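Read the structure below first, then the notes.
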Amino acid sequence: IYADPAKRLELYFRPKDPYCHPVCANRFPTSTMLLKVKRRTKKKKQLDTEEQIQPEVQFEMEILGTVTTVYKFQGMSDFQYLAMHSGPDGKPTSMYDKVLMLKPEKEEFFNRELPLYIPPPIFSRLDTPGDYFYRPDTQHREGYNTPQVSGEHLIGLSRARRPHNAIFVNFDDEEIPAKPLDAAVQTWKKVCTNPVDKKVEEELKKLFEVRPVWSRNAVKANISVHPDKLKLLLPYLAYYMLTGPWRSLWVRFGYDPRKHPEAKIYQVLDFRIRCGMKYGYASSDMPVKAKRSTYNYSLPITIKKPASHTVSVHDLKQGLGTSSASGAKKPACSSYKLKESIYIFQEGALPPYRQMFYQLCDLNVESLQKIIHRNDGAESECTERDGWCLQKTSDDLRDTMSLMIKQIIRSTRPALFSNTTSSEDGKEQLAYESGEDEDDEEEEEEDFKPSDGSDNEMETEILDYV
């Protein structure tokens, strides 16, 4: 606990009781000294029995060192749940000898009749009292109408939607938008106040002229723009596809990929690195670490990290630190550009994350492009699952990419594959695991990140714009 400043010290009143809930101490810096004090008592000889002579007491003090860290238990002690039941006379009886298995037991131990005992699934996460200050009703902007509360949603919305003004299109929608919303135009014109923003707008327009469909990561790898400004610029030039083979992608206004067979090269491929113990290596042996794991959930014994700074409209107008931050080491216009590996798959290189969203045209491998272009000139129907490609094209691409990634791992860590055998048909396939066996080490610092707050690009973008 002392080695990790983010951890809290736990105290168990009954260490041998697995049902004992601990109390936690917070870590504080201090400047105190550790003293060693000895008390010596020397008895004097008694000459007269009638007189009582007080013993001579001496103290010796020695400074052993300084103390820089102290743990203080400032929280309340939570309730302690005991394994017990009430008998017929109402007297509580302990059940520890019946529910705790302290040694290997025979089958009869598990087949005994016992009273119903259901421990609580979770204890309180808070150990400090807090005052709840009731707030007044939320003051919305002009034009906001309170939504009707139905029987299914009794709580309703607590605030208006964020004014990003993006247009969402489903695969089943008949029409596609030809121009942005007026609110999107006004919002972008409001923050586009410097030459750098004008240049970024022109660069993004050129990108959509060359290629009508882009992912947000691909845009961030070709243009250096602050993410908060990109949220306002994309709805100004393109609409967002929610479902279908172009889901999670931004499409130029007026362009319908469902009517153009050549748009199949812009379809999205949801690829996840496969791994499994039966193929010679576990998820913890993967060179690509998972961003988060359910096994790392350690509340309430950890200290919450400070919240990130929110960006206001005033910051957007000022260029997000380009002119106001005088002590910046490098300009902001060159610090937001991502690497090409964030959206391009190349042979001999591992993806930066275990789950990636690639466009088919960004798979720079000849064997993968042959799978994509198997039906060139013979596209007859655009389906929601496969788009303009043949059926199970995505499955074939994932299998081929998984074999390539396994070969990379085999070359870097040959000891992991010393006892593995290939399948009967000569093709090695891997089973996907979510990466929950990740070790406890912290996520390494990276030069880029595909999305803000989530591994899933689709989920993140929808949360940003809704």
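The values are calculated or read from the model by the stated rules, or taken from the named source; none is laboratory data. On a predicted model such as this, the values are computed, not experimentally measured, just so you know. Using ideal geometry, Cβ is built from the backbone for each residue, glycine included, and neighbour counts are taken over all protein chains shown. Heavy atoms of the whole protein, side chains included, go into the accessibility calculation; ligands, DNA and RNA do not. Shrake-Rupley method; radii C 1.70, N 1.55, O 1.52, S 1.80 Å.
Here are some notes:
- Distant alpha-carbon pairs in the range 200-255 (separation over 13 angstrom), percent: 55 percent
- Note on the range 1-136: lysine pairs with Cα distance below 21 Å, sequence gap of 8 or more or different chains, count 4.
- Rg(Cα) / (2.2 N^0.38 Å) computed for the range 1-89, rounded to two decimals: 1.99
- For the cross-link pairs Lys205/Lys339; Lys264/Lys406; Lys190/Lys220; Lys206/Lys370, the ones whose C-alpha atoms lie over 24 Å apart are Lys264/Lys406; Lys206/Lys370.
- Think of each Lys and Arg Cβ as +1 and each Asp and Glu Cβ as -1; about the Cα centre, that makes the dipole of the range 34-133 roughly 540 debye.
- Per residue, the accessible area of the range 28-121 comes to 92 Å², computed with a 1.4 Å probe over protein heavy atoms only.
- Where N is the number of residues in the range 1-45, Cα Rg divided by 2.2 N^0.38 Å: 2.05
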